[in-house]
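Okay, so here's the structure we're looking at.
Taken together, the values in this text are just the output of simple stated rules run on the coordinates, not laboratory data. None of the values given here were measured: they were computed from a predicted structure. Virtual Cβ from ideal backbone geometry, glycine too; neighbours counted across all protein chains shown.
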Amino acid sequence: MCTSSDLAPHSNVTKLCARGLEVYRRALLQGPVSEEVPDCLLRLGLMRPLAETPTLMAAVPPDIAGRELTRPIEREVLTHQHTIAAIRDSIAAAETVYRSTRSATTGPVRLLQGAEVIQAALQQAAEACREELLTCQPGGGRAPENLARSLSRVLAMHRRGVKQRTIYQHTVRAHGPTLAYIERATASGAQFRTINEVFDRLIIYDRTTAFIPDPRHELRTAALAIDHPAIVHYLAKVFDHTWERAEAVSITQEYARPPLMTDETRRAVLRLMVEGYTDAAIAGRLGVSPRTVSTHIKKASDLLGGRSRAHLAYLLAQSDLLDTGPA
């Protein structure tokens, strides 16, 4: 008797067993047989009872048996093909309306709403990218699962000859998973630099299409896809100027002794505090923990003799420590 192991791998199609082949061969040579026929022959339609004598099992030519098995599947495939064609016709009509509406209202800027829609647009742009990818990734160290997805895209784009440059904040220099990701991506030709400035996420493909977050949505559920040549050119220039000021990441040095950029980080924390940001907001913008923010503020208060947060802000505003002096 046939078993579940007789199923072909990765499908629900029955695989002929050795006994089934032997019975089928005997039925072809000797004619209808009265013995028990393996299930695989019955499921594949290779043997069936004679109408005149149901106790006898006759062999069926493989082409006839195969046609009987595939005919309903082919009908289903044909139905799906008609459905696909109908969907494309409907989408084509919507595309006409979409393009005319977009041209009349927003021009070459598209609003993308929802994480899945944004990811699909990014994936489409990444697959079409052929020369250069520029990215700004704020927020400090990234989650390992995000880094794994990003690494697969980096390696795939490298194989197509795409040059890649990424700007992080200094805080990634103390984040092991991000450093490991940078090491592997650097080996494929990607370049990484860090800076202590506050910036928003920016992705530019081939200097023709750019993606930025929509500031009207705080939960990062909306983004803008920009195709306007002048706007994309401006954003690329901003990236280039930031890249020139940023510090290159040396993996060998990072693993030996990760420079935490303490003075620059503290200066950035205090600058944002003077501007009125809370500890949580500062932490989110710099990619550090709220505890790290409070530690920097406390050390600055101890150094300058600040009696309160407001007093410390006053002392900092009256000095030039945030511009030139040591933090």
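Angle between the Cα long axis of helix 229-245 and the longest principal axis of the chain, 0 to 90 degrees, nearest 10? Between the helix axis and the principal axis of the chain, the angle is about 60 degrees.
The magnitude of the dipole of the chain, with charges of +1 and -1 set on the Cβ of Lys/Arg and Asp/Glu and taken from the Cα centre, is near 620 debye. Principal-axis analysis of the Cα atoms of the chain puts helix 62-105 at an angle of about 30° to the longest axis. Taking 11 Å as the cut-off, no amide N atom of the range 47-62 comes nearer than this to a point 7 Å along the Cα-to-beta-carbon line of LEU29. Length gained on full extension, ALA281 to ARG193, computed as 0.36 nm times the residue gap minus the Cα-Cα distance: 29.3 nm. Applying 1/(1 + (r/R0)^6) with R0 = 45 Å to the Cβ-Cβ distance of ASP302 and HIS233, what FRET efficiency is obtained, to the nearest 0.05? Here the calculated transfer efficiency is 0.45. If you line up the long axis of helix 18-30 against the longest principal axis of the chain, both from Cα atoms, how many degrees apart are they, to the nearest 10? The helix 18-30 is inclined about 30 degrees to the chain.
Extension gain for the segment LEU56 to ALA85, taken as residue separation times 0.36 nm less the Cα-Cα distance, is 5.7 nm to one decimal.
Using 0.36 nm per residue of separation minus the Cα-Cα distance, give me the extension gain between ALA121 and GLU74 in nm, one decimal.
Working it through step by step, the gained length comes to 13.6 nm.
With neighbours defined as other Cβ atoms within 10 Å of a residue's Cβ, the residues SER250, SER301 order from fewest to most as SER250, SER301.
Quick one: if the Förster radius is 22 Å, what FRET efficiency do LEU111 and ASP240 give, using the C-beta to C-beta distance and rounding to 0.05?
0.25
Sorting LEU202, LEU16 by the number of Cβ atoms found within 10 Å of their own Cβ, with the fewest placed first, yields LEU16, LEU202. Simple rule: put +1 on each Lys or Arg Cβ and -1 on each Asp or Glu Cβ in the chain, find the dipole, and look at ALA223, GLY189, ALA86; the Cα lying farthest toward the positive end is GLY189.
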